Amino acid sequence: MLDCLIRGGIVVDGTGAPGRGAAVGIQGGRIVSIGRSDEAARQVIDADGLAVAPGFIDVHTHYDAQVLWDPHLTPSSLHGITTAIGGNCGFTIAPMVPDEADYVMRMLARVEGMPTESLEAGLDFGWSSFGSWLDRLEDSGLGINAGFLVGHSTIRRLAMGSASMGEAASEQQLEAMKTLLAQSLAEGGLGFSSTKASAHNDHHGDPVPSRAATDAELVALAAVCRDHPGTTLEIIPSIDPIWSPETYELMTAMVLAADRPLNWNLFNVRPGEDAYLENRLGSADHARQQGATVVGLMLPDIMQMRLNFATGVLFDTLPDWAEIMHLDPAAKAEALARPEVRQRLLNGAAQASHRTWVRWDETTVVDVSSPTPHLQALVGRNVGELAAERGQHPFDVMCDIALEDDLMTGFGPPVVGDDDESWKKRAEMLGDPRVLAGGSDAGAHLDMMMTWGCTSALVGDTVRDRGLLSLEQAVNLVTDRPARHYGLRGRGRLAEGWCADIVVFDPDRLTKAPVTTAWDMPGGGWRLTGGAEGIENVLVNGVETQRSGQLTDARPGQVIRSGRDTDTVTAAGP
């Protein structure tokens with residue numbers, strides 16, 4: 001007898017092949033049949049009129065902390081994600097030593113936008129090695145499959161202490177990092193991640209440890225992956241508008257040293273910026289000429305953000321802004337009230353006019369924390385219109401509103417790339433072998449980013465409403481493509497003998513549900529979140545974890561460990 005039979009649906013198997021009517025039989029967590037089936041089953045799912053596809057895969061998340069109190073990894077799981085990869089950008093909570101736990105926790109809170117009080121309440125750091133942390137996740141149970149890279153900033157801090165901030169590593173310190181990385185990979189870490197992004201500053205306002213690394217250090221650490229099957233590389237090499245040849249060369253050197261592919265984070269389509277796209281994709285061309293695979297993550301949706309002066313994230317990347325944005329709340333409020341400080345900030349922003357978040361007159365008031373009626377009445381209003389009514393500069397309006405709202409006001413920069421030409425270009429880029437769909441950042445920037453539902457937007461809205469991709473193409477982009485890049489064994493396709501990670505959805509209804517605020521974090525913290533509409537059933541390793549948008553109590557997810565659960569993908573790619 002089958003454990004489960006999904007019948008009546010259109011099987012979209014993840015390979016890009018045309019969908020076909022077929023029943024899917026599941027037993028022991030695996031797919032045992034695809035086609036006609038009259039065999040009895042303990043559970044029968046009627047998928048009449050629905051698509052039956054492999055579970056979606058998100059290769060760029062930051063659930064390293066949240067997984068400890070939210071084993072279902074919401075909201076990703078609500079969007080049909082059955083496998084998530086964390087530990088990106090060099091930030092992980094393992095391995096760990098007691099003396100550095102506080103620094104790593106506060107760094108993570110700052111750079112990835114997580115409430116400090118939630119991390120303090122939710123993390124006990126009751127582990128030491130990477131493997132003991134993964135063991136803890138396995139023992140507690142997961143709602144979806146999850147694997148984690150090993151973060152550069154964390155192992156650098158453990159190996160160098162406070163010297164990791166701004167200092168080059170000695171030969172002995174580099175060897176200590178290599179030892180920590182090798183042990184972590186041997187225990188199941190999926191690879192090595194890092195960042196050189198100028199936006200990544202710790203809770204003191206200082207560059208995170210990995211930003212002090214030389215290129216030689218990055219290449220040496222990447223090379224450790226060569227000795228560990230089933231590993232890979234991830235990095236943010238720069239957020240400069242145009243990358244230099246040195247940036248290309250660094251990523252290529254890392255790949256060749258590791259004999260593993262590399263994905264970098266992140267880019268999106270912006271109107272009239274073809275030179276930007278060509279420059280970014282040039283990194284893949286440069287690598288390919290030397291037999292290396294470098295791919296860029298492209299968000300398969302528009303980028304919607306909510307910024308605020310309380311955290312100052314992204315604002316602190318503007319020239320002359322970091323000092324003010326990194327002040328404590330009282331000092332920051334006092335500074336923002338002074339005209340000369342506002343003018344200094346305006347002058348700095350003028351030097352970064354290409355950033356969407358400095359287009360003050362196009363900014364929207366997304367939300368306010370104060371219940372005061374006249375502030376609540378501003379929600380949804382355009383800052384430029386408010387400035388015209390008040391006879392003020394738009395930036396002064398933003399500062400005045402924020403000061404009255406304890407700096408907590410959410411401001412929405414203008415959405416870029418939502419026009420027809422941009423969507424056409426985005427679909428074209430997603431089909432490029434130099435590009436991997438991803439970059440949701442789910443689990444991070446909980447007060448700022450709303451990109452966790454990008455898979456629902458791609459497989460639903462982009463296919464149905466825009467007609468730029470077929471359903472089969474879109475499913476392939478978020479299942480088989482990422483699975484093969486990471487070498488995920490037995491995942492990413494519907495095939496006999498493969499893991500029964502399956503999402504059953506209505507292509508006519510699949511879309512993102514409205515964004516809401518949830519006060520469900522440890523220590524009373526809150527986050528932006530939102531589910532999907534049109535997903536009927538989700539199975540992870542053959543067990544139903546979601547039904548009609550509601551999570552079940554099942555925790556059949558597996559911790560994905562390198563080597564055991566991943567095949568080796570070499571520098572030349574899958």
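Quick notes on this structure:
- Subset of segment 150-176 (residues that are in a helix (DSSP H, G or I), within 23 Å of His60 (Cβ to Cβ) and in contact with a Leu (Cβ under 8 Å, 6 or more places away or on another chain)): His152, Ile155
- Condition met for Leu458 (more than 16 Å from Asp506 (Cα to Cα) and of a type outside the set (Phe, Trp, Tyr)): no
- Members of segment 246-256 found to be in contact (Cβ under 8 Å) with a residue 40 or more places away in the chain and surrounded by fewer than 23 Cβ atoms within 10 Å (Cβ to Cβ), listed by number: Leu256
- Residue match in segment 451-458 (condition: touching a residue at least 24 places away in the same chain (Cβ under 8 Å), surrounded by fewer than 21 Cβ atoms within 10 Å (Cβ to Cβ) and among the aromatic types (Phe, Trp, Tyr)): no
- Residues satisfying the stated conditions in segment 78-113, i.e. under 30 Å from Gly29 (Cβ atoms), in contact with a Ser or Thr (Cβ under 7 Å, 6 or more places away or on another chain) and in a helix (DSSP H, G or I): His79, Asn88
- Among the residues making up segment 326-346, those that are surrounded by 12 or more Cβ atoms within 10 Å (Cβ to Cβ), within 32 Å of the chain's Cα centre (by Cα) and free of Cβ contacts under 8 Å to residues at least 60 places away in the same chain are Leu327, Leu345, Leu346.
- Of all residues in segment 178-201, those satisfying the criterion of being surrounded by fewer than 24 Cβ atoms within 10 Å (Cβ to Cβ), under 22 Å from Ser128 (Cα atoms) and in contact with a helix residue (DSSP H, G or I) (Cβ under 6 Å, 6 or more places away or on another chain) are Lys178, Leu180, Ala182, Glu187.
- Residue match in segment 115-129 (condition: in contact with a Pro (Cβ under 7 Å, 6 or more places away or on another chain), modelled with pLDDT of 95 or more, surrounded by 24 or more Cβ atoms within 10 Å (Cβ to Cβ) and part of a helix (DSSP H, G or I)): no
- If you filter segment 54-77 down to residues that are of a type in the set (A, V, I, L, M, F, W, C) and buried (at least 24 other Cβ atoms within 10 Å of the Cβ), you find that the one that is nearest to the chain's Cα centre (by Cα) is Val59.
- Restricting attention to segment 156-171, the residues that are touching a helix residue (DSSP H, G or I) at 6+ places or on another chain (Cβ under 9 Å) and more than 13 Å from Ala212 (Cβ to Cβ) total 1.
- Failed condition for Ala402, given (1) among the small types (Gly, Ala, Ser); (2) more than 30 Å from Leu458 (Cα to Cα); (3) modelled with pLDDT under 95: (3)
- Residues located in segment 433-476, provided they are more than 30 Å from His286 (Cα to Cα), among the hydrophobic types (A, V, I, L, M, F, W, C) and assigned to a helix (DSSP H, G or I): Ala457, Val459, Val463, Leu471
- Candidates Val397, Val415 - the one that is in a loop (DSSP other than H, G, I, E, B) and either under 22 Å from Gln304 (Cα atoms) or modelled with pLDDT of 95 or more (or both): Val415
- The sole residue among Gly384, Gly431 that is without any contact (Cβ under 8 Å) to a residue 60 or more places away in the chain and in the same structural domain as His62 (by TED's automatic domain parsing) is Gly431.
- Of all residues in segment 253-278 being more than 16 Å from Ala427 (Cα to Cα) and touching a Lys or Arg at 6+ places or on another chain (Cβ under 8 Å), the one that is modelled with the lowest pLDDT: Tyr276
- In segment 32-53, the residues that are under 32 Å from the mean Cα position of the chain (by Cα) and closer than 22 Å to Ala474 by Cα: Ala47, Gly49, Leu50, Ala51, Val52, Ala53
- Sole residue being touching a residue at least 12 places away in the same chain (Cβ under 8 Å) and touching a helix residue (DSSP H, G or I) at 6+ places or on another chain (Cβ under 9 Å), chosen from Gly542, Gly534: Gly534
- Residues of segment 152-201 that turn out to be within 21 Å of Met107 (Cα to Cα) and free of Cβ contacts under 8 Å to residues at least 12 places away in the same chain, as a count: 2
- The number of residues in segment 549-565 that are surrounded by fewer than 17 Cβ atoms within 10 Å (Cβ to Cβ), at pLDDT 95 or above and in a loop (DSSP other than H, G, I, E, B) comes to 5.
- Scan of segment 477-501 for residues that are part of a loop (DSSP other than H, G, I, E, B) and not small (Gly, Ala, Ser), ordered by number: Val478, Thr479, Arg489, Arg491, Arg493, Leu494, Glu496, Trp498, Asp501
The values are calculated or read from the model by the stated rules, or taken from the named source; none is laboratory data. A quick note: this is a predicted structure, and the numbers were derived from the prediction, not measured. No Cβ is skipped: glycine too gets one built from the backbone with ideal geometry, and neighbour counts run over all protein chains shown.
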